[in-house]
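Report on the following structure.
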Amino acid sequence: MAAQSTSELYKAVCAERKVKVNPYVSQSLKKTPLTGKFTLKLPGNVRQVQRLSDDDVLDLCKCLQHNKCVTGLDLRYNNITNEGVEHLAKLLQEEKSSLSCLDLMFNDIQANGAQVLASSLQGNSTLLSLRLSGNKIGRGGGLELASMLQENCALQELEVADCDLDTSSIIALIIMLQKNKALCSVDISRPLLFSHQEWAVHCSKMLAVNSSLMELHLGRMGMTDTGIEQLTEGLGRNHSLRYLDLCSNHVTCDGAFHLAMMLTQNRALEILDLSSNQIGDGGAGYLSKAITCPRSTLKELSVCRNNITSEGLLLLAQAVKSNSTLTHMYIWGNHLEEPVCQAFKELISSGRLHPEQTDVSPYEVDGHVFLAEVFQRLRKPVYNIDCNGTDVPTKTAASPDSTAHHGQLKDYLNCKDLSL
């Protein structure tokens, strides 16, 4: 369906329902391409726009029925509630739905909305990316999504950060990842955990056997060195994970030691985010040795805001100079004294560290070298679903023993006390 006719259809639907046309939706539909596949972008965090309500979503869904051009919907930062999700669920349940990406981050969706969405996805084979971060779906919503993953073998990206998930729902999701052959990127950052280490044991077991997960975000999980030690046991046997996000946890020097040991065994991990932890000089020293190890495959490392002084930062600078595999280094928020400034100036001026691949930039005042902050961060995400018509990797269907795995999750949910 051409973009212009979709815009006209939208106005006709509004007229039929006797509701006002949302000028933001109308103008966005007019600007969409006339042919091909595209993502319809309607984020509510744009200045001077009328954020979408549930009624706007209903009108939009009516217009997109049988539409094969719109393969992605970006509805972030709007006022969509459980009612709006029901309209989207019906769109996903269409027999020939073409929607492959749905971004609902930071709306007002709760557990009931997540349940409706999960039910619509149990038999869906087209949606590849679902982003729900910032919606307070809680334990109930998390368990419904975990249950959905027992049946859904198409979803490749799931973001449920800052969704008030509890320990039980986090563990349920992790259990499903033990056998899931489709998910490549998962973000479960900032849950509400009562047990900060129990989930790490399950996560370690999952990483030891999972062969499809490429990107895992575990930021703000309250993880301590004990949790890191448990996690690295599974990471040492993992062969698929490329990006590990551990930012804003409670990792100290001991945790960095376990990560460094893992890096000498793991031949897949390329990006490690340790920003906003407390690894200090000792942790920086352990990581420096791991980086210089010939077997290291690490390409990007962030140790921002880790209370590292000149001793540790100079070791990291030397490691960068010694190993050409590591191409990105982020250090802002540590103790950047002049020897460190001079060392990173040399790395940048020599071309060993490209200016766009770090978060500092050297400058001189009265013969002294300083570093200024440059607002550049780790690539995020490295795994990205293309909703504009480009082919994406084909994923393997569920394994024959998925029934047994279904039973494993069921047993866990039945025997575990889920009351808060």
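Search segment 126-166 for residues being free of Cβ contacts under 8 Å to residues at least 60 places away in the same chain and of a type in the set (Lys, Arg), and hand back the single one that is most open to solvent (accessible area, probe 1.4 Å). Break it down into steps so the answer makes sense when it comes.
Going through segment 126-166, the residues free of Cβ contacts under 8 Å to residues at least 60 places away in the same chain turn out to be 126-127, 130-138, 140-142, 144-145, 148-149, 151-152, 155, 158-165.
Next, only the ones that are of a type in the set (Lys, Arg) stay: 131, 136.
On the way: Arg131: 55, Lys136: 93 Å².
The qualifying residue most open to solvent (accessible area, probe 1.4 Å) is Lys136.
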Within segment 192-211, the residues that are surrounded by fewer than 16 Cβ atoms within 10 Å (Cβ to Cβ), within 23 Å of Glu157 (Cβ to Cβ) and small (Gly, Ala, Ser) are Ala208, Ser211
Where Asn306 falls short, out of the listed (1) of a type in the set (S, T, N, Q); (2) surrounded by 21 or more Cβ atoms within 10 Å (Cβ to Cβ); (3) closer than 14 Å to Leu218 by Cβ:
(3)
Among the residues of segment 311-368, the number that are open to solvent by less than 50 Å² (accessible area, probe 1.4 Å), in contact (Cβ under 8 Å) with a residue 24 or more places away in the chain and in contact with a Pro (Cβ under 8 Å, 6 or more places away or on another chain) is 2
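Just give me the residues in segment 167-185 being assigned to a loop (DSSP other than H, G, I, E, B) and open to solvent by less than 10 Å² (accessible area, probe 1.4 Å), in sequence order. Give the derivation first.
Filtering segment 167-185 for residues assigned to a loop (DSSP other than H, G, I, E, B) gives 178-184.
Correct list: Ala182, Leu183, Cys184.
Suppose we filter Lys321, Lys345 for residues that are over 30 Å from Phe38 (Cα atoms), modelled with pLDDT under 95 and assigned to a helix (DSSP H, G or I); which single one remains?
Working: Lys345 fails: modelled with pLDDT under 95.
On inspection, the qualifying residue turns out to be Lys321.
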What is the number of the single condition among (1) more than 19 Å from Glu94 (Cα to Cα); (2) open to solvent by 40 Å² or more (accessible area, probe 1.4 Å) that Ser7 does not meet?
(2)
Unmet criterion (only one of (1) open to solvent by 20 Å² or more (accessible area, probe 1.4 Å); (2) touching a strand residue (DSSP E or B) at 6+ places or on another chain (Cβ under 9 Å); (3) not polar (S, T, N, Q)) for Glu83:
(2)
Within segment 276-295, of all residues that are open to solvent by less than 10 Å² (accessible area, probe 1.4 Å) and part of a loop (DSSP other than H, G, I, E, B), the one farthest from Arg220 (Cα to Cα) is Ile279
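Pick from Ser288, Ser276, Ser296: which is touching a residue at least 24 places away in the same chain (Cβ under 8 Å), within 22 Å of Glu233 (Cβ to Cβ), among the hydroxyl-bearing types (Ser, Thr, Tyr) and out of contact with any Gly (no Cβ under 7 Å at 6 or more places or on another chain)?
Working: Ser288 fails: within 22 Å of Glu233 (Cβ to Cβ); Ser276 fails: within 22 Å of Glu233 (Cβ to Cβ).
Just one listed residue meets the conditions, Ser296.
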Would you say Gly123 is open to solvent by 10 Å² or more (accessible area, probe 1.4 Å) and more than 17 Å from the chain's Cα centre (by Cα)?
yes
Among the residues listed as Leu420, Leu409, the single one being under 30 Å from Leu173 (Cα atoms), open to solvent by less than 50 Å² (accessible area, probe 1.4 Å), modelled with pLDDT under 95 and under 28 Å from the mean Cα position of the chain (by Cα)
Leu409
Would you check which residues across segment 231-257 are touching a helix residue (DSSP H, G or I) at 6+ places or on another chain (Cβ under 9 Å) and more than 27 Å from Asn180 (Cα to Cα) and list them?
His250, Val251, Thr252, Cys253, Asp254, Gly255, Ala256, Phe257
I need a count of the residues in segment 241-269 that are modelled with pLDDT of 95 or more, surrounded by fewer than 18 Cβ atoms within 10 Å (Cβ to Cβ) and part of a loop (DSSP other than H, G, I, E, B).
1
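State whether the residues of segment 56-63 include one that is out of contact with any Leu (no Cβ under 6 Å at 6 or more places or on another chain) and surrounded by fewer than 17 Cβ atoms within 10 Å (Cβ to Cβ). Quick ask: steps written out before the conclusion?
Looking only at segment 56-63, we keep the residues that are out of contact with any Leu (no Cβ under 6 Å at 6 or more places or on another chain), and these are 56-60, 62.
Imposing the further condition that a residue be surrounded by fewer than 17 Cβ atoms within 10 Å (Cβ to Cβ) reduces the set to none.
No.
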Any idea which of (1) at pLDDT below 95; (2) aliphatic (A, V, I, L, M); (3) in a helix (DSSP H, G or I) is the one Leu378 doesn't satisfy?
(3)
Regarding segment 88-96, can at least one residue be identified that is polar (S, T, N, Q) and modelled with pLDDT of 95 or more?
no
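The values are calculated or read from the model by the stated rules, or taken from the named source; none is laboratory data. Computed from a predicted model, the values in this text were never measured in an experiment. Cβ atoms come from the backbone with ideal geometry, glycine included; neighbour counts cover every protein chain shown. Accessible surface areas use protein heavy atoms only, side chains included; no ligands, DNA or RNA. Shrake-Rupley method; radii C 1.70, N 1.55, O 1.52, S 1.80 Å.
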